[in-house]
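Structure first, then comments.
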Amino acid sequence: MRNQGLPDDTFDGRPVIGICNTWSELTPCNAHFRAIAEKVKTGVYQAGGIPVEFPVMSLGESNLRPTAMLFRNLASMDVEESIRGNPLDGVVLLVGCDKTTPALMMGAASCDLPTIVVSGGPMLNGKFEGQEIGSGTAVWQFSEGVRAGEITVGQFREMEAGMSRSAGSCMTMGTASTMASMVEVLGMGLPNNAAIPAVDSRRLLLSQLAGRRIVEMVEEDVRPSKILTREAFENAICVNAAIGGSTNAVLHLLALAGRVGVDLSLDDWDRLGRDVPTMVNLQPSGKYLMEDFYYAGGLPVVVRQLDSAGMLHSDASTVNGHTLRENTTDAVNHNEDVIRPIDRPLVRDGGIGVLRGNLAPNGAVIKPSAASPELMVHRGRAVVFENIEDYRERINDPELNVDESCVMVLKNCGPVGYPGMPEVGNMGLPPKVLKKGVKDMVRISDARMSGTAYGTVILHVAPEAAAGGPLALVADGDFIELDVRKRRIHLDVTDDVLERRRADWKAPSFAISGGYQQLYRETVLQADQGVDLDFLVGSRGHEIPRESH
Ligand code: FES
């Protein structure tokens, strides 16, 4: 490292802090991370440490194909091996967009060196024709408008420019904002990590403070295993319900818990999220955007309100050395329409619902706060799409035998099936239904849904169709029953008929063999287990085995 002009005493025992940077111009949400890294470095120097910045695989949600989720686990391997293989004492993770947050936390958790997470922050509120518009959410709304013939493609493009007008990640309560909130409530980031806009100078301040703090954390030996306890995950599930967070958080937290040996299950999501009110009035469940959330007081207010109701383990530790309660005692709600008081919530029961039945023996999830109340109990005729190509080919066909009472079923979009489990579960409605002014239908799949999306959408059906789950056996014309209150999803077909169909079922074949995709398909766990690769579960520590020295 002499070639970087470092003086003799650089490595004289001072903590060496890795700054794990996911900067990339192909990850537009993280394209401002060089400035953040510089501020982290300043903080590390100020506290007497030596910062060394290094790149890891970046995951741009809007660019990576077939889906960024395919590469979450690969990036986590890059992070884990980069941290373990290099001479580091602590690490700062610079994360943003949807997948770098879980990927970097998973990799760092498997290493268990002192770690602090800095999120890149959301974009400023989107603006279009005098209205506030939210990233992702506006895309779904306006693209349906184009398909229904209500707006032009030119208007759509202007909307897109107004939506993405500053550095940062999606500013709705989509997956990026949800995961940044999870960082904060899990205790892995500093207070206000979730909501400070990317271009607000206080984001740079937070980065500098994180740089200072990681040096102290090395001295105090504060590791992820001390922060990421069962109580921390239970807090996160509760807060996810209170913020109207993304269904993707289910997968990411299950996978992260697996890395630190916390036995978290889908049933924990249902049990702990039940009766937790959604207080944060942000799109896609509500009205406002992340900038408003920050000005209203941000996540500390949410934590404080939940704590006042006795709903949190507020003595959980956080990276700054204080408990969750200590970090939030002074939080003040500056706008009670953006962050509703707990007795006047946006949605009374905001938790993720976990449904089970013969169609999803190992579970499926629904986000009730983004669904239509009138569809929460529903029986409808199945209109089946065998895969996403089949859906795209037929959805615009005026002859498609579908109406708004039907249940749209999409197969072969799970972890193995696509592969990578793309965000196509909120498949757009048929134009012939949209033209009647209908905005929602029940949709069921083994896919995921963007955190910015909405609708009565049942996701993550496990086991998935490509793994031979019952979803593979649904046929056009079958009847499906949904009762979210009773947590039930049922395919109204006799066991005998299903057995006959199973005998004829053939597993899908895949165009790509070899390489990472094959490794992924052969080792990926199902949605109810967090979609990690089976051999990555657990922590392997940061020591290099002696025999390899
Ligand atoms: Fe990066 Fe939405 S595309 S957060």
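The values are calculated or read from the model by the stated rules, or taken from the named source; none is laboratory data. Because the structure is a prediction, the values reported are computed rather than measured. In this analysis, Cβ positions are derived from the backbone assuming ideal geometry, glycine residues included, and neighbour counts consider all displayed protein chains. When the accessible area is computed, the model is the full protein with side chains, heavy atoms only, and any ligands, DNA or RNA have been set aside. Shrake-Rupley method; radii C 1.70, N 1.55, O 1.52, S 1.80 Å.
Matching residues to (1) under 20 Å from residue 283 (Cα atoms); (2) surrounded by fewer than 24 Cβ atoms within 10 Å (Cβ to Cβ); (3) at pLDDT 90 or above:
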| position | (1), (2), (3) |
| --- | --- |
| 106 | no, no, yes |
| 109 | no, no, yes |
| 118 | no, no, yes |
| 123 | yes, no, yes |
| 127 | yes, yes, yes |
| 130 | yes, yes, yes |
| 135 | yes, no, yes |
| 145 | yes, yes, no |
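Inside the stretch 60-78, can you point out the residues that are among the hydrophobic types (A, V, I, L, M, F, W, C), within 16 Å of the ligand (Cβ to nearest atom) and either within 19 Å of residue 523 (Cα to Cα) or touching a strand residue (DSSP E or B) at 6+ places or on another chain (Cβ under 9 Å) (or both)?
68, 69, 70, 71, 75
Has the stretch 466-478 got any residue that is within 16 Å of the ligand (Cβ to nearest atom), open to solvent by less than 10 Å² (accessible area, probe 1.4 Å) and under 19 Å from residue 413 (Cα atoms)? Spell out the reasoning first.
Step one: filter the stretch 466-478 for residues within 16 Å of the ligand (Cβ to nearest atom), giving none.
Looking through the stretch 466-478, none of the residues is within 16 Å of the ligand (Cβ to nearest atom), open to solvent by less than 10 Å² (accessible area, probe 1.4 Å) and under 19 Å from residue 413 (Cα atoms).
For the stretch 245-273: of the residues being part of a loop (DSSP other than H, G, I, E, B) and more than 26 Å from residue 171 (Cα to Cα), which is most open to solvent (accessible area, probe 1.4 Å)? Spell out how you get there, then give the answer.
We begin by selecting, within the stretch 245-273, every residue part of a loop (DSSP other than H, G, I, E, B); these are 245-247, 260-265.
Among the residues that remain, those that are also more than 26 Å from residue 171 (Cα to Cα) are: 260-265.
Working: 260: 36, 261: 67, 262: 24, 263: 126, 264: 21, 265: 42 Å².
That would be 263.
Could you check how many residues of the stretch 181-205 are part of a helix (DSSP H, G or I), under 22 Å from residue 58 (Cα atoms) and open to solvent by 10 Å² or more (accessible area, probe 1.4 Å)? Don't jump to the end; show me each part of the working.
Quick first cut of the stretch 181-205, residues part of a helix (DSSP H, G or I) only: 181-186, 201-205.
Still in the list and also under 22 Å from residue 58 (Cα atoms): 181-184, 203-204.
With open to solvent by 10 Å² or more (accessible area, probe 1.4 Å) added as a condition, the list becomes 184, 204.
Qualifying residue count, the stretch 181-205: 2.
Quick grid of which residues meet (1) more than 16 Å from the ligand (Cβ to nearest atom); (2) part of a strand (DSSP E or B):
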residue: 58; (1), (2): no, no
residue: 94; (1), (2): no, yes
residue: 109; (1), (2): yes, no
residue: 132; (1), (2): yes, yes
residue: 135; (1), (2): no, no
residue: 142; (1), (2): no, no
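Mind listing whichever residues of the stretch 435-456 are within 16 Å of the ligand (Cβ to nearest atom) and within 21 Å of residue 402 (Cα to Cα)?
The initial filter retains those residues of the stretch 435-456 that are within 16 Å of the ligand (Cβ to nearest atom), namely 448-454.
Selection gives 454 alone.
Looking at residue 81, is it within 16 Å of the ligand (Cβ to nearest atom) and without any contact (Cβ under 8 Å) to a residue 60 or more places away in the chain? Walk me through it before giving the result.
Working: within 16 Å of the ligand (Cβ to nearest atom): no; without any contact (Cβ under 8 Å) to a residue 60 or more places away in the chain: yes.
So residue 81 does not fit the description; no.
Taking the stated definitions as given, is residue 395 under 25 Å from residue 74 (Cβ atoms) and surrounded by fewer than 24 Cβ atoms within 10 Å (Cβ to Cβ)? Let's see the steps before the verdict.
On the way: under 25 Å from residue 74 (Cβ atoms): no; surrounded by fewer than 24 Cβ atoms within 10 Å (Cβ to Cβ): yes.
So residue 395 does not fit the description; no.
For the stretch 302-417, which fully contained strands (runs of 3 or more DSSP E) count at least 3 residues that are without any contact (Cβ under 8 Å) to a residue 24 or more places away in the chain and under 24 Å from the mean Cα position of the chain (by Cα)? Step through it out loud before you land on a result.
Values: elements: 353-357, 360-366, 377-385, 407-410.
Strands (runs of 3 or more DSSP E) meeting the threshold: none at all.
Can residue 171 be described as assigned to a loop (DSSP other than H, G, I, E, B), crowded, with 20+ Cβ neighbours inside 10 Å and within 16 Å of the ligand (Cβ to nearest atom)? Show your work before the answer.
Values: assigned to a loop (DSSP other than H, G, I, E, B): yes; crowded, with 20+ Cβ neighbours inside 10 Å: yes; within 16 Å of the ligand (Cβ to nearest atom): yes.
The answer is yes for residue 171.
Testing residue 160 on (1) free of Cβ contacts under 8 Å to residues at least 40 places away in the same chain; (2) touching an Asp or Glu at 6+ places or on another chain (Cβ under 9 Å); (3) within 15 Å of the ligand (Cβ to nearest atom); (4) open to solvent by 10 Å² or more (accessible area, probe 1.4 Å), one condition comes back false. Which one is that?
That leaves (2) as the condition not met.
Among the residues of the stretch 37-63, count how many are among the β-branched types (Val, Ile, Thr) and either modelled with pLDDT under 95 or under 22 Å from the mean Cα position of the chain (by Cα) (or both).
As a first pass, look at the stretch 37-63 and keep what is among the β-branched types (Val, Ile, Thr): 40, 42, 44, 50, 52, 56.
Still in the running and either modelled with pLDDT under 95 or under 22 Å from the mean Cα position of the chain (by Cα) (or both): 56.
Total satisfying the criteria: 1.
Quick check, is residue 416 open to solvent by 10 Å² or more (accessible area, probe 1.4 Å), over 20 Å from residue 151 (Cβ atoms) and within 16 Å of the ligand (Cβ to nearest atom)? Before the answer, list the steps.
Numbers: open to solvent by 10 Å² or more (accessible area, probe 1.4 Å): yes; over 20 Å from residue 151 (Cβ atoms): yes; within 16 Å of the ligand (Cβ to nearest atom): no.
Taking the combined requirement at face value, the residue does not satisfy it.
From the set of residues in the stretch 213-243 that are in contact with a strand residue (DSSP E or B) (Cβ under 9 Å, 6 or more places away or on another chain) and farther than 19 Å from residue 191 by Cβ, which is least open to solvent (accessible area, probe 1.4 Å)?
For the stretch 213-243, the residue satisfying everything is 241.
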